[in-house]
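First comes the structure, then the notes that go with it.
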Amino acid sequence: MEPNQTPVKKQRILSGIQPTGTPTLGNYIGAMRNWKLLEDEYECLYMVADLHTITVRQEPAKFRQNAMQMLGLLLASGLDPKKSTLFFQSHVHQHAELAWLLNCYTYMGEMNRMTQFKDKSAKHADNINCGLFTYPVLMAGDILLYQANLVPVGKDQMQHLEICRDIAQRVNGVYGNVFTVPEGYYSKVGARVMSLQEPTRKMSKSEAEDSFISVLDTPDVIRRKYRRAVTDSEACIRFDVENQPGVSNLLSIICALTSEDMEKLVASFEGKGYGDLKAAVTDVTIETLAPIQAEFTRVMKDKKYMEEVYREGAQRAGYLAERTLQKFMKKIGYVAK
Ligand code: TYM
């Protein structure tokens with residue numbers, strides 16, 4: 001750097017993933033893969049969103065295991081803890097505190113409109129708790145605590161990101177400049193990977209086993225699931241989400257994993273059948289996941305290293321979070337500590 005040149009401050013990124021079991025290929029393509037790609041250009045904070053997870057009842061031992069496994073998978077997907085801050089949301093108490101404050105700046109009507117609340121309360125009718133209802137407020141706080149500029153997520157999180165922006169703007173409108181208003185960052189392809197069985201619905205680990213690929217699926221399982229994937233009877237390979245959702249989904253997965261251009265990819269299948277398409281998507285999926293799975297097995301054996309990563313991560317995240325929390329509390333009018 002030249003002597004008088006000030007370093008350019010990197011923009012900041014925050015994102016999270018819930019430890020609700022092994023992530024799917026949808027989580028990987030829509031989120032985790034981008035996190036790695038953004039690691040050099042931005043100052044990144046990535047968290048295992050474990051506070052969100054108890055909106056649905058969890059078995060304690062399994063929950064703990066899933067949380068560690070998720071951290072292991074983030075490391076295995078290539079994230080470098082020297083570059084990115086990796087942490088458990090529950091280790092940074094400011095998340096829960098900011099969520100309370102922001103609850104008082106959010107309207108019932110806004111939460112009532114959230115489609116994910118409607119879906120999840122239909123699915124867990126015996127446990128429609130208040131946490132499930134105010135979940136987007138906790139998520140807004142996650143982002144605003146770090147003054148994040150950018151939030152890489154899949155399309156299913158768009159509505160939550162919009163409400164986060166609304167809350168930030170509302171608070172800023174009352175108190176002046178408290179929060180950075182964040183932007184969403186979505187992949188061009190793969191921001192919504194669809195179910196293999198019902199390709200008009202998103203791929204989700206809470207659906208039937210054959211409808212999603214898990215990032216820890218063995219090659220045999222991956223082969224079987226794609227073989228059973230729903231296509232159609234049109235017998236041609238086109239990217240047409242409306243009329244050929246199943247085929248288009250498989251094409252999108254290939255494009256996302258190979259960075260290939262869609263037009264070129266479709267052209268390469270001219271005269272070929274669905275069997276060829278399924279073979280191709282199987283191959284790239286296995287190729288992508290194999291090194292992640294190998295690294296996952298290795299890193300999960302190194303508990304000491306993982307502890308170091310999440311402890312250091314929480315320390316760094318906690319420092320940034322506290323600054324924002326104090327700033328906001330002062331603006332509201334709380335007596336300083
Ligand atoms: P979660 O754990 O459901 O999903 C993690 C990430 O994976 C993306 N995703 C998908 N992308 C493409 N296709 C799919 N089929 C698919 N399924 C899931 C999600 O969009 C998400 O980016 N509320 C969040 C976690 C969270 C968070 C945050 C995210 C908590 N606080 C702050 C960003 C910022 C969630 O439940 O994601």
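The values are calculated or read from the model by the stated rules, or taken from the named source; none is laboratory data. Everything numeric in this text was worked out from a predicted model, so none of it was measured. Counting neighbours? That spans all protein chains shown, and the Cβs are built from the backbone with ideal geometry, glycine included. The protein model used for the area step is the full one, side chains on, heavy atoms only, and it has no ligands, DNA or RNA in it. Shrake-Rupley method; radii C 1.70, N 1.55, O 1.52, S 1.80 Å.
The table for this structure:
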| read-out | value |
| --- | --- |
| Choice from G275, G131, G16 with maximal GNM fluctuation in the chain (Cα, 10 Å cutoff) | G275 |
| Solvent exposure of segment 233-327 as accessible area per residue, Å², 1.4 Å probe | 54 |
| Value at 222 nm in deg cm²/dmol, rounded to 500, when DSSP H runs of n ≥ 4 in the chain each add -39,500 (n - 2.57) | -16000 deg cm²/dmol |
| Principal-axis tilt of helix 130-144 within the chain, Cα atoms, nearest 10 degrees | 80 |
| Accessible-area value, E308, 1.4 Å probe, nucleic acids and ligands omitted, Å² | 90 |
| Between 0 and 90°, nearest 10: helix 245-258 axis offset from the chain longest Cα axis | 70 |
| Approximate spin-label separation K62-K82, in nm, with each point projected 7 Å along Cα-to-Cβ | 3.9 |
| For segment 131-183, accessible area per residue (1.4 Å probe, heavy atoms of protein chains only), Å² | 30 |
| Of K205/K303; K62/K205; K10/K155; K205/K304; K10/K83; K83/K188, those spanning more than 19 Å from alpha-carbon to alpha-carbon | K205/K303; K10/K155; K205/K304; K83/K188 |
| At R0 = 56 Å, FRET efficiency that the Cβ-Cβ distance of A336 and D240 yields, to 0.05 | 0.40 |
| Cα point-scatterer Debye curve for segment 1-119, base-10 log of I(q)/I(0) at q = 0.22 Å⁻¹ | -1.32 |
| Heavy-atom accessible area per residue - segment 1-100, 1.4 Å, Å² | 46 |
| Carbon/sulfur fraction of accessible area - the chain, other protein chains in place, 1.4 Å, % | 53 |
| Of every Cα-Cα pair in the chain, the percent that sits beyond 38 Å | 19 |
| Degrees, to the nearest 10: 60-76 long Cα axis against longest axis of the chain | 80 |
| Extended-chain gain in nm, criterion 0.36 nm per residue less alpha-carbon gap, C104 and S233 | 41.2 nm |
| Extension gain, E308 back to D166 (0.36 nm per residue minus Cα-Cα distance, nm) | 47.5 nm |
